[in-house]
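**Q** Dropping the structure in here first, questions after.
The values are calculated or read from the model by the stated rules, or taken from the named source; none is laboratory data. Small disclaimer: the values here were computed from a predicted structure and weren't measured. FYI the Cβ positions are ideal-geometry reconstructions off the backbone, even for glycines, and counts take in every protein chain you see. Please note that ligands, DNA and RNA were not included when accessible areas were found on the heavy atoms of the full protein model with its side chains. Shrake-Rupley method; radii C 1.70, N 1.55, O 1.52, S 1.80 Å.
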Amino acid sequence: RLGYSAAGFNVQAAYDQTKDGTGSNKADGLTLGGTYTIGDLKLFGGYENLSAPDAAAGAPTKANHYWIGANYQLTPALTLIGAGYRVNVNNGGGSANLFMVGANYNLSKRTLLYAAVGTVQNGANANFSVEATNNNPAPGKNQLGAYTGIVHSF
């Protein structure tokens, strides 16, 4: 893992490799990402390349994932959030775009309210869901989702 930080700027790179018990390469991952802060605005972006060279015949062996977004501190308590994500998977895995907007509101130093809404736009072969779940849409179909919650730190 490598990183560099300067006034308002941060960039990170990480490489990960997973092997099975025999030493065969099961998966490689390279992630690059960074942030840039300008006053109350924090911009972020990244790229991830995943490779599974020993995947079963016909299964996806590569995926590329890109993202950009921003957080804007509107008031000391309220942060607005927006982001866009893109994924491409080979061997018929398809592609999709995810767009989301949301907000975090600090009730106190230890209690946070959050809300977000997002939509995933799947390509013809993809069935990604808007949230990490088993509730995936049919291939080529889109999905809209929203969530709210509260976080309290002890």
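**Q** Residue by residue through segment 93-121, note down the ones that are in contact with a Leu (Cβ under 8 Å, 6 or more places away or on another chain), assigned to a strand (DSSP E or B) and among the hydrophobic types (A, V, I, L, M, F, W, C).
**A** Within segment 93-121, Val101, Ala103, Leu113, Val117, Val120 meet the criteria.
**Q** Here's a follow-up. Thr31: open to solvent by 50 Å² or more (accessible area, probe 1.4 Å) and polar (S, T, N, Q), yes or no? Walk me through it before giving the result.
**A** Values: open to solvent by 50 Å² or more (accessible area, probe 1.4 Å): no; polar (S, T, N, Q): yes.
So Thr31 does not fit the description; no.
**Q** Here's a check for you: in segment 104-130, which residue that is more than 21 Å from Val151 (Cα to Cα) and among the small types (Gly, Ala, Ser) is least open to solvent (accessible area, probe 1.4 Å)?
**A** Ala126
**Q** Please give the strands (runs of 3 or more DSSP E) falling wholly within segment 1-51 in which 1 or more residues are touching a Lys or Arg at 6+ places or on another chain (Cβ under 9 Å) and under 18 Å from Ala83 (Cβ atoms). Break it down stepwise before answering.
**A** On the way: elements: 2-6, 9-19, 25-38, 41-51.
Correct list: 9-19, 25-38.
**Q** Considering every residue within segment 131-140, establish whether at least one is part of a strand (DSSP E or B) and within 20 Å of the chain's Cα centre (by Cα). Working first, answer last.
**A** We begin by selecting, within segment 131-140, every residue part of a strand (DSSP E or B); these are none.
Looking for residues that are part of a strand (DSSP E or B) and within 20 Å of the chain's Cα centre (by Cα), one finds none in segment 131-140, hence no.
**Q** As an exercise: evaluate Leu50 against (1) under 21 Å from Phe128 (Cα atoms); (2) open to solvent by less than 50 Å² (accessible area, probe 1.4 Å) and give the number of the one condition it does not meet.
**A** (2)
**Q** Can you give me the number of residues within segment 92-136 that are touching a residue at least 24 places away in the same chain (Cβ under 8 Å), β-branched (Val, Ile, Thr) and more than 24 Å from Thr61 (Cβ to Cβ)?
**A** Going through segment 92-136 one residue at a time, the tally reaches 4.
**Q** What pairs come up if the first residue lies in segment 137-151 and is exposed (fewer than 12 other Cβ atoms within 10 Å of the Cβ), the second is assigned to a loop (DSSP other than H, G, I, E, B), and their beta carbons are under 8 Å apart, counting only those six or more places apart or on different chains?
**A** Sorted first by the residue in segment 137-151, then by its partner, the pairs are Ala138/Asn127; Leu144/Val130.
**Q** If you take the residues in segment 52-71 that are polar (S, T, N, Q) and part of a strand (DSSP E or B), which one is farthest from Asp20 (Cα to Cα)?
**A** For segment 52-71, the residue satisfying everything is Asn71.
**Q** Does segment 72-92 hold any residues that are closer than 25 Å to Leu32 by Cβ, part of a strand (DSSP E or B) and not aliphatic (A, V, I, L, M), and which are they? Outline the logic, then answer.
**A** Taking segment 72-92 first, the residues closer than 25 Å to Leu32 by Cβ are 72, 79, 81-91.
Subset that is part of a strand (DSSP E or B): 72, 79, 81-89.
Of everything in segment 72-92, those that are closer than 25 Å to Leu32 by Cβ, part of a strand (DSSP E or B) and not aliphatic (A, V, I, L, M) turn out to be Tyr72, Thr79, Gly82, Gly84, Tyr85, Arg86, Asn88.
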